[in-house]
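Enquirer: Input: one structure, supplied below.
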Amino acid sequence: LEFGLAIPGTIGGAVWANAGAHESDVRAVIVEAGVLRADGEVTLSREHLVLRYRDSVLKDVPFGAPDVVTWATFELEPADPAVVAGRLDEIRRWRQSHQPLGMPSAGSVFRNPEGDSAGRIIDELGLKGARIGGATVSEKHANFIVNDERGTAADVRRLAEQIQATVRRERGIELVFEIVFAGDWSGWEATA
């Protein structure tokens, strides 16, 4: 599970979104998960979770109460503690040099498009430092929107939608959100 170092969230959220980094993800290690549905709890195998890149069958609930992951079983491979410590140190160093750690953010905003990097595209378009209210595209990694602690969820969403529109207009690429805007956004009107 070394790949999960510093990925924000919970085990349930990691299963729900097939969280991953550093060339691995939940799909590679999960055996099964307990899922609480409106009609009771079920156990879903890896196959029944239909885990895909930052996605699962759990995200396909269109209306009503969302499914909730209550537990998960993983199949891990034993390794020498020094090897594990080395992997963790390598991941920690990579994150410190490439990501805006220590600043409030929701992690990677967009999924990487097939064969490319969302952060690279956003950076190439000169959007690092773009700001709406208290939300700013990180100068360290362009796929992170950081919050100066005065920003609102609406600031983050407006900036993310502005990035999405710019990438669509300039590159013809539709960036897909990796983050989820939770809560009631029924009155939200996109600005882009």
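Enquirer: Suppose we keep only residues that are touching a Lys or Arg at 6+ places or on another chain (Cβ under 7 Å) and open to solvent by 40 Å² or more (accessible area, probe 1.4 Å) within segment 99-129. Which one would you say is modelled with the highest pLDDT?
Expert: ARG111
Enquirer: Out of ALA17, ALA28, I need the residue that is open to solvent by 50 Å² or more (accessible area, probe 1.4 Å) and within 20 Å of ARG111 (Cβ to Cβ). Which one?
Expert: After applying the criteria, what remains is ALA28.
Enquirer: Related question: Between a first residue in segment 149-168 that is outside any helix (DSSP H, G or I) and a second residue that is hydrophobic (A, V, I, L, M, F, W, C) and open to solvent by less than 30 Å² (accessible area, probe 1.4 Å), which pairs have beta carbons less than 6 Å apart while being 6 or more apart in sequence or on different chains?
Expert: Within 6 Å, the pairs are GLY151/ALA135.
Enquirer: Let me ask you something else. Kindly list the number of the only condition in (1) over 22 Å from GLY20 (Cα atoms); (2) modelled with pLDDT of 90 or more; (3) in contact with a strand residue (DSSP E or B) (Cβ under 7 Å, 6 or more places away or on another chain); (4) part of a loop (DSSP other than H, G, I, E, B) that fails for GLU139.
Expert: All conditions are met except number (3).
Residues are listed down the side, and each one gets a yes or a no for (1) over 17 Å from the mean Cα position of the chain (by Cα); (2) among the β-branched types (Val, Ile, Thr); (3) not in a strand (DSSP E or B):
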{"position": "VAL15", "(1), (2), (3)": "no, yes, yes"}
{"position": "GLU47", "(1), (2), (3)": "yes, no, yes"}
{"position": "LEU88", "(1), (2), (3)": "yes, no, yes"}
{"position": "GLY107", "(1), (2), (3)": "no, no, no"}
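Enquirer: Something else: Check segment 57-64 and report whether any residue there is of a type outside the set (Lys, Arg) and modelled with pLDDT of 90 or more.
Expert: yes
Enquirer: For GLU149, are the conditions met, namely being on the phi > 0 side of the Ramachandran plot, more than 19 Å from the chain's Cα centre (by Cα) and open to solvent by 50 Å² or more (accessible area, probe 1.4 Å)?
Expert: yes
Enquirer: Tell me yes or no: at least one residue of segment 56-75 is open to solvent by 70 Å² or more (accessible area, probe 1.4 Å) and in contact with a helix residue (DSSP H, G or I) (Cβ under 6 Å, 6 or more places away or on another chain).
Expert: no
Enquirer: Restricting to segment 154-186, and then to whatever is charged (D, E, K, R) and open to solvent by less than 50 Å² (accessible area, probe 1.4 Å), can you tell me which residue is nearest to GLU114 (Cα to Cα)?
Expert: This residue is GLU161.
The values are calculated or read from the model by the stated rules, or taken from the named source; none is laboratory data. Because the structure is predicted, anything quoted here is derived from the model rather than measured. FYI the Cβ positions are ideal-geometry reconstructions off the backbone, even for glycines, and counts take in every protein chain you see. Surface areas here come from the heavy atoms of the whole protein model, side chains and all, with no ligands, DNA or RNA. Shrake-Rupley method; radii C 1.70, N 1.55, O 1.52, S 1.80 Å.
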